[in-house]
Amino acid sequence: MSRYKVKPITHPFNAVVEVPGSKSVTNRALLLAALSNEECTLNGVLFSDDSRHFITSLLSLGFKLQVNEVDHYVTVCGCDGDIPKKEATIDVGSAGTAARFLTSMLALSDGEYTINASEQMKRRPMLPLFEALESLGASFTYLEEKGHLPVKVVGAKANGKTPESEVSIDISESTQFLSALLMTAPMLSNGLRVLITSKKTSGSYINITMDMMRQFGCEVFHDGASYDVPAGEHYRSRTYQIEPDVSAACYFYAAAAITGGRALVKNVHSNVMQGDMKFLDVLKQLGCAVTEEREGICVTGPVNGEFSGIDVDMNDFSDQSMTLAAIAPFAKTATCIRNIEHIRLQESDRIASMVSELNNLGIDVKEGRDRIEIMPGKPTPGLVDTHDDHRMAMSFALIGLLIDGIEIDNYECCGKTFENYFHVLETACRQ
């Protein structure tokens with residue numbers, strides 16, 4: 001595996017940065033375009049491991065796509081809820097969005113398919129979605145471990161069944177289960193009502209899903225613990241602009257915070273859909289100034305990068321837990337990140353990963369089932385194990401901006417969402 005030695009910065013971070021398109025928006029847009037009733041061009045597409053697996057899966061299913069990585073666009077010929085090939089094998093890699101969204105699409109179809117995945121994705125939860133889709137008429141054959149990928153799926157229509165118009169699901173392990181059901185609901189002639197059985201009934205990624213469904217011309221209603229997609233809905237959109245990835249932007253905003261510097265990320269504005277915008281409120285609590293300029297949102301760090309720790313519930317923007325954990329040792333007081341138990345079931349057990357790597361760098365950490373508390377302290381030089389988790393690689397690199405001798409092991413795992421992250425970070429530090 002490759003290693004990357006982070007170069008410390010000797011001055012306050014001061015950069016204008018451009019980040020790639022959002023993975024969450026890109027993969028949703030690919031699905032909605034494929035299910036639409038016309039040709040759709042997606043602009044600003046993220047090209048990464050996850051999105052390429054989504055694209056190659058659609059190609060394997062017979063969809064016609066024009067892919068241009070240089071100009072960051074994909075044109076998709078939608079088939080109005082039909083899947084061109086009735087038998088195929090796809091590989092979703094480590095992409096949770098591709099795994100959940102495409103599984104739902106195939107399960108509501110009139111075909112028979114095999115869904116393969118990476119070893120990492122094989123460990124991630126799928127059972128609540130499988131059970132919900134079975135109740136709608138699909139059938140699954142588990143090729144390895146029950147409740148996990150890989151599987152063979154026979155679509156509800158191929159089984160000769162008329163799916164029910166109501167389904168229940170627990171989304172405590174992943175809101176992607178609900179997003180998958182909602183986005184594929186127009187494939188059902190009678191529409192779909194989804195009843196949520198878990199304590200968690202909504203979230204920022206669900207809001208992205210509903211916003212994008214509406215942008216593609218499909219109505220969805222939410223009332224408490226139920227979601228309704230009416231019968232007769234169809235997706236349509238000739239062009240669609242992918243938002244820049246706010247999750248990626250936050251690493252540069254955090255760099256400004258810990259160095260007392262300034263970061264402007266192009267095309268990130270206050271009207272974007274992504275839940276990680278809430279991290280800007282965290283940065284404000286740390287003493288940062290957040291301003292919206294013509295080019296994008298700008299974060300200016302506190303004087304000399306001095307700030308106190310905070311106690312924060314990050315359930316709804318948990319991808320930034322690792323970003324806050326990485327900068328927390330430099331605070332004057334302890335930092336507590338709460339209500340994030342679900343991130344134990346993501347690319348890695350992210351709570352355990354944060355605890356392990358902070359401990360290895362000499363930082364005192366208290367671990368709870370759904371939380372992590374980080375004590376202030378000066379990290380020691382060392383090697384960061386990314387646990388094959390792209391967000392561990394990108395966030396913990398921030399420590400190396402202030403501490404000489406920080407190396408990131410298997411740093412190329414950031415290719416899942418941001419292939420040239422370390423080049424962009426290096427370039428920004430030289431500005």
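Laid out as a table, the results:
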read-out	value
Residue pairs meeting the criteria (Cβ under 7 Å; at least 6 apart or on separate chains; first closer than 13 Å to residue 126 by Cα, in segment 142-161; second polar (S, T, N, Q) and open to solvent by 10 Å² or more (accessible area, probe 1.4 Å))	150/114; 150/116; 151/141
Among (1) open to solvent by 10 Å² or more (accessible area, probe 1.4 Å); (2) under 23 Å from residue 21 (Cβ atoms), the one test that residue 284 misses	(2)
Considering residues of segment 359-411 that are of a type in the set (Asp, Glu) and open to solvent by 50 Å² or more (accessible area, probe 1.4 Å) only, the residue farthest from residue 323 (Cα to Cα)	404
Within segment 174-275, helices (runs of 4 or more DSSP H) holding 3 or more residues that are among the β-branched types (Val, Ile, Thr)	204-215, 246-259
Per-region count, segment 314-350, residues more than 21 Å from residue 97 (Cα to Cα) and surrounded by fewer than 20 Cβ atoms within 10 Å (Cβ to Cβ)	6
Filter result for residue 428 (among the small types (Gly, Ala, Ser), free of Cβ contacts under 8 Å to residues at least 24 places away in the same chain and part of a helix (DSSP H, G or I))	no
Of the criteria (1) closer than 25 Å to residue 20 by Cα; (2) touching a strand residue (DSSP E or B) at 6+ places or on another chain (Cβ under 7 Å); (3) open to solvent by 10 Å² or more (accessible area, probe 1.4 Å), which one residue 252 fails	(3)
Residue that is farthest from residue 69 (Cα to Cα) [pool: residues in segment 36-57 that are open to solvent by 40 Å² or more (accessible area, probe 1.4 Å) and in a strand (DSSP E or B)]	39
Residue list for segment 133-147, filter: within 28 Å of the chain's Cα centre (by Cα) and open to solvent by less than 30 Å² (accessible area, probe 1.4 Å)	133, 136, 138, 140, 147
Exclusive hit being in contact (Cβ under 8 Å) with a residue 60 or more places away in the chain and under 22 Å from residue 424 (Cα atoms), set 260, 275	260
Subset tally (residues that are surrounded by fewer than 24 Cβ atoms within 10 Å (Cβ to Cβ) and either part of a helix (DSSP H, G or I) or charged (D, E, K, R) (or both)) for segment 16-26	1
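The values are calculated or read from the model by the stated rules, or taken from the named source; none is laboratory data. Since the structure is predicted, the reported quantities are computational estimates derived from the model, not experimental observations. A quick note on method: Cβ atoms are made from the backbone with ideal geometry, for glycine too, and the neighbour counts reach across all protein chains shown. The protein model used for the area step is the full one, side chains on, heavy atoms only, and it has no ligands, DNA or RNA in it. Shrake-Rupley method; radii C 1.70, N 1.55, O 1.52, S 1.80 Å.
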